[in-house]
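The values are calculated or read from the model by the stated rules, or taken from the named source; none is laboratory data. This structure is a prediction, so every number in the text was calculated from the model and none was measured. Reconstructed Cβ throughout: ideal geometry from the backbone, glycine too, with neighbour counts over all protein chains shown.
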Ligand code: URP
Ligand code: ZN
Ligand code: ZN
Ligand code: ZN
């Protein structure tokens, strides 16, 4: 049997191992791993490179409606191209239920929008914004059985916030259906109070976004969500943790034996609230929630990463254009931070930042990088053992990394739909030079070479972490 693809001479890295071997790919699966594999139609020389499982980014926003006049900068084609360029082979965006609409209908709409447009595989979480009795009683249980095994709920944002009773009701469905619930932990009323007080004092520049949502508000909401999860006895993932306060709540819950998991993101190890200061409106480029904190918080996040408090490192990619009336600089956004859409682009830069700040600077091993960037995402969200590692029978989702390549992150080299990157000028050591998605080379030397439509929209199994 001639293999379709052979990757020779590289150093294979999984969450547990690092060793030199060849990989043979047949169709879209890894068929053989050996000292030396047989002839292949296409031969790839990986000498000097790391051969890693393709990144799985389990927290990205694509083509989600953002309210009147505001548009996300990526559709499924551009988001998945950008992800592939950043060494990813799978993304997990959200299918958002808008209030007053059917959850099932929302999901079908997203799925239809994504089908045929993706360069790499895609699988949806749900966002529940309107937990009616029909949603809780019928739609959600049926959707979980159809492979939508995780959903996100919000404790803030006018259009999304659930009150405590609604949170408990959604948690109860998650428990009964063995789904994983992801929670955005920031307090709605406290943020509103702070926002109005700042506006009354004329403090409306983008920087005050960070002042309006201090860590204590994130900590309170994190603790409240953990308490609700304990009450219902349901596993829970706290997403986009920004600093020590929330991290310590999660660690406390884990030490109590609760199934509480944590996710963090590049912005919380590299940016600070000072970045929101910038001349004129430049600070709007960094407005996201929770906001970046300070250097002590960055150190706390590393503590959480190395101690295993965080299972996943995601981008929370939520791209807007900066210089655009449907983006950061919308008309109202110039009058107050309250109207600056929350979110930053990052699906393409997530892994180079983690590799450089983590592996190249000696904070984590290459194996830990794989765990945080791929394996744990697959296990957490029910894609393991199809994805998330390099082994026989796994999808041939592979990224080749040059650990020594130095790059400067710049907007001009990126593939996202946004018109800026928060990491303009950021220097990294370590760069993905090839991405192979289900056996097909989709990115080579920064160029997208695969066709859109190669990526499939996947259903998922139950999370390994709810067992
Ligand atoms: O500011 C952010 N993070 N926007 C994306 C939506 C969310 O809360 O994850
Ligand atoms: Zn969120
Ligand atoms: Zn998000
Ligand atoms: Zn294909």
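Brief remarks follow.
- Matching option when the condition is within 16 Å of ligand 3 (Cβ to nearest atom) and either touching a helix residue (DSSP H, G or I) at 6+ places or on another chain (Cβ under 6 Å) or in contact (Cβ under 8 Å) with a residue 40 or more places away in the chain (or both), among 199, 186, 205, 117: 186
- Exactly one residue out of 425, 417 is on the phi > 0 side of the Ramachandran plot and surrounded by fewer than 24 Cβ atoms within 10 Å (Cβ to Cβ), and it is 425.
- Among residues of the stretch 145-156 being free of Cβ contacts under 8 Å to residues at least 40 places away in the same chain and in contact with a strand residue (DSSP E or B) (Cβ under 9 Å, 6 or more places away or on another chain), the one that is nearest to residue 383 (Cα to Cα) is 151.
- Count - residues of the stretch 415-450 that are out of contact with any helix residue (DSSP H, G or I) (no Cβ under 6 Å at 6 or more places or on another chain), part of a loop (DSSP other than H, G, I, E, B) and either within 16 Å of ligand 3 (Cβ to nearest atom) or in contact (Cβ under 8 Å) with a residue 40 or more places away in the chain (or both): 8
- For the stretch 446-464, the set of residues classified as more than 16 Å from ligand 4 (Cβ to nearest atom) and in contact with a strand residue (DSSP E or B) (Cβ under 6 Å, 6 or more places away or on another chain) consists of 463 only.
- Residue in the stretch 2-19 that is over 25 Å from the mean Cα position of the chain (by Cα) and modelled with pLDDT under 95 present: yes
- Leading residue by the ranking (nearest to the chain's Cα centre (by Cα)) among those in the stretch 291-314 that are part of a loop (DSSP other than H, G, I, E, B) and away from ligand 3 (no atom under 16 Å from the Cβ): 311
- Residues of the stretch 38-69 that are away from ligand 2 (no atom under 16 Å from the Cβ) and in a loop (DSSP other than H, G, I, E, B): 38, 39, 46, 47, 48, 49, 54, 63, 68, 69.
- A count restricted to the stretch 16-37 and to residues that are under 17 Å from residue 395 (Cβ atoms) and either free of Cβ contacts under 8 Å to residues at least 40 places away in the same chain or surrounded by fewer than 22 Cβ atoms within 10 Å (Cβ to Cβ) (or both) stands at 8.
- Any chance residue 181 is part of a strand (DSSP E or B), within 16 Å of ligand 3 (Cβ to nearest atom) and within 30 Å of residue 56 (Cβ to Cβ): yes
- Within the stretch 151-165, the only residue that satisfies the criterion of being touching a helix residue (DSSP H, G or I) at 6+ places or on another chain (Cβ under 9 Å), away from ligand 1 (no atom under 16 Å from the Cβ) and not in a loop (DSSP other than H, G, I, E, B) is 164.
- The number of residues in the stretch 117-137 that are out of contact with any strand residue (DSSP E or B) (no Cβ under 6 Å at 6 or more places or on another chain) and surrounded by 14 or more Cβ atoms within 10 Å (Cβ to Cβ) comes to 9.
- Single condition residue 148 does not satisfy, out of (1) within 16 Å of ligand 3 (Cβ to nearest atom); (2) not in a helix (DSSP H, G or I): (1)
- Tallying residues that are under 24 Å from residue 121 (Cα atoms) and in a strand (DSSP E or B) within the stretch 1-37 yields 16.
- Filtering the stretch 346-363 for residues that are within 15 Å of ligand 1 (Cβ to nearest atom), touching a strand residue (DSSP E or B) at 6+ places or on another chain (Cβ under 9 Å) and more than 23 Å from residue 389 (Cβ to Cβ) leaves a non-empty set.
- Residue in the stretch 270-285 that is within 16 Å of ligand 2 (Cβ to nearest atom), surrounded by 24 or more Cβ atoms within 10 Å (Cβ to Cβ) and in contact (Cβ under 8 Å) with a residue 24 or more places away in the chain present: no
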